[in-house]
Amino acid sequence: MPEPRDLVIVGSGPAGLTAAVYAARANLHPVIIEGLGAGGQLMLTTDVENYPGFPEGIMGPDLMLRFREQAERCGTEFVTADADRVDLSGPLFTAAVGGTEYAGRALIISTGASAQMLGLPNEERLLGHGVSTCATCDGFFFREQHIGVVGGGDTAIEEALFLTKFAAKVTVVHRRDELRASKVMQDRAFANPKIEFAWNSIVEDVIGDTKLEGARVRNVVTGDVSDLAVTGLFVAIGHIPNTDLFKGQLEMDENGYIATAGSSTRTSVDGVFAAGDVQDHVFRQAITAAGTGCMAAIEAERWLAEAAHAAGGH
């Protein structure tokens with residue numbers, strides 16, 4: 001096992017990389033196990049126009065590269081691999097990559113969440129080119145266009161309502177004949193003249209070479225197939241937090257998000273902190289993830305100082 005260090009960070013993205021910047025500047029000499037899919041969901045995003053400081057906008061992967069360069073320049077050590085297992089039983093917290101274990105006196109979890117996708121043949125190719133999982137991020141790019149939203153829960157209806165600010169028309173494609181969304185959200189959607197519904201329907205494929213030109217929709221009751229002439233398609237069927245590594249070791253909510261205490265990033269294990277989409281199922285923005293990454297680093301630093309003091313250190 002390598003020499004124990006003050007802080008190990010598992011997961012990159014805006015939360016982990018911001019935590020690394022703050023921790024490195026506080027001389028905690030962090031190591032970040034950034035994962036093979038380093039950079040998080042922003043690596044799948046083309047134009048980012050809502051991150052402060054970039055008035056002309058910036059590509060998602062470019063923004064993450066800047067985060068990473070800054071963390072590295074501050075003195076962060078990077079391990080570009082996925083953690084295979086994590087042991088939170090203490091007193092040291094360990095994360096194993098292959099045969100190598102990284103031990104920290106404190107640990108920050110920033111493994112993020114993955115948007116559930118439809119699993120269509122062309123979906124991944126058109127992600128960021130008309131297919132999106134975040135209306136708040138990308139709705140602005142679809143002014144006066146016909147947009148589709150897939151889903152029937154609160155998230156889908158919230159996205160649909162938000163998109164009516166920009167779109168000429170929004171069609172909600174839902175596999176059932178009634179919504180799962182709360183009554184108040186349903187009432188708002190039904191009252192909005194820009195929103196239409198394709199009931200009992202699923203998206204079978206997305207159409208387009210370099211950008212989305214339509215969605216192939218099948219009615220699950222009649223079997224009828226038709227093409228919906230949408231230039232934007234927002235998939236809102238939920239997110240899955242990347243928390244399998246920590247199951248049984250930390251308190252989580254019913255959906256698998258890590259539970260944190262109040263307005264803090266503290267988890268149910270003393271000395272372990274969680275930041276970003278792995279504990280935030282409400283906002284899910286780069287800037288809120290970065291904010292909680294900052295909080296986690298500061299809380300970890302204070303926790304380490306208190307632990308050292310209690311042990312008779314300085």
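The values are calculated or read from the model by the stated rules, or taken from the named source; none is laboratory data. Keep in mind that this is a model prediction, so the values were computed, not measured. Cβ atoms come from the backbone with ideal geometry, glycine included; neighbour counts cover every protein chain shown.
General observations
- Inclusion of G75 among residues that are surrounded by fewer than 21 Cβ atoms within 10 Å (Cβ to Cβ), in contact with a helix residue (DSSP H, G or I) (Cβ under 6 Å, 6 or more places away or on another chain) and not hydroxyl-bearing (S, T, Y) is warranted.
- Answer from S263, S226, S268 - the residue that is among the hydroxyl-bearing types (S, T, Y), out of contact with any helix residue (DSSP H, G or I) (no Cβ under 7 Å at 6 or more places or on another chain) and closer than 26 Å to F142 by Cα: S226
- Strands (runs of 3 or more DSSP E) fully within the stretch 134-236 that include at least 2 residues being touching a His at 6+ places or on another chain (Cβ under 8 Å): 169-173, 195-198.
- Taking first residues from the stretch 236-247 that are without any contact (Cβ under 8 Å) to a residue 40 or more places away in the chain and partners that are part of a loop (DSSP other than H, G, I, E, B) and not hydroxyl-bearing (S, T, Y), the Cβ contacts under 9 Å between residues at least 6 apart in sequence or on separate chains come to D244/G256; K247/G256.
- Entirely in the stretch 33-130, the strands (runs of 3 or more DSSP E) that have 2 or more residues that are free of Cβ contacts under 8 Å to residues at least 12 places away in the same chain and under 24 Å from P241 (Cα atoms): none
- Every residue from the stretch 257-284 that is surrounded by fewer than 16 Cβ atoms within 10 Å (Cβ to Cβ) and either in a strand (DSSP E or B) or of a type in the set (A, V, I, L, M) (or both): A259, A261, V282
- The single condition among (1) without any contact (Cβ under 8 Å) to a residue 60 or more places away in the chain; (2) out of contact with any helix residue (DSSP H, G or I) (no Cβ under 6 Å at 6 or more places or on another chain); (3) under 14 Å from A156 (Cα atoms) that L233 does not satisfy is (1).
- G104 vs. criteria of a type in the set (G, A, S), in contact with an Asp or Glu (Cβ under 7 Å, 6 or more places away or on another chain), buried (at least 17 other Cβ atoms within 10 Å of the Cβ) and more than 30 Å from F234 (Cα to Cα): yes
- Tally, over the stretch 143-179, of residues that are touching a Ser or Thr at 6+ places or on another chain (Cβ under 8 Å), surrounded by 17 or more Cβ atoms within 10 Å (Cβ to Cβ) and among the hydrophobic types (A, V, I, L, M, F, W, C): 4
- Hits in the stretch 285-314 - residues which are part of a loop (DSSP other than H, G, I, E, B) and touching a Ser or Thr at 6+ places or on another chain (Cβ under 8 Å): Q285
- Only a single item in (1) touching a helix residue (DSSP H, G or I) at 6+ places or on another chain (Cβ under 6 Å); (2) in contact (Cβ under 8 Å) with a residue 60 or more places away in the chain; (3) not hydrophobic (A, V, I, L, M, F, W, C) is not met by G153, and it is number (1).
- Taking the stretch 207-221 as the range and being loosely packed, with under 12 Cβ neighbours inside 10 Å and closer than 18 Å to E196 by Cβ as the test, only V221 passes.
- Single match in A15, A113, A81, A38 (criterion: modelled with pLDDT of 95 or more and of a type outside the set (S, T, Y)): A15
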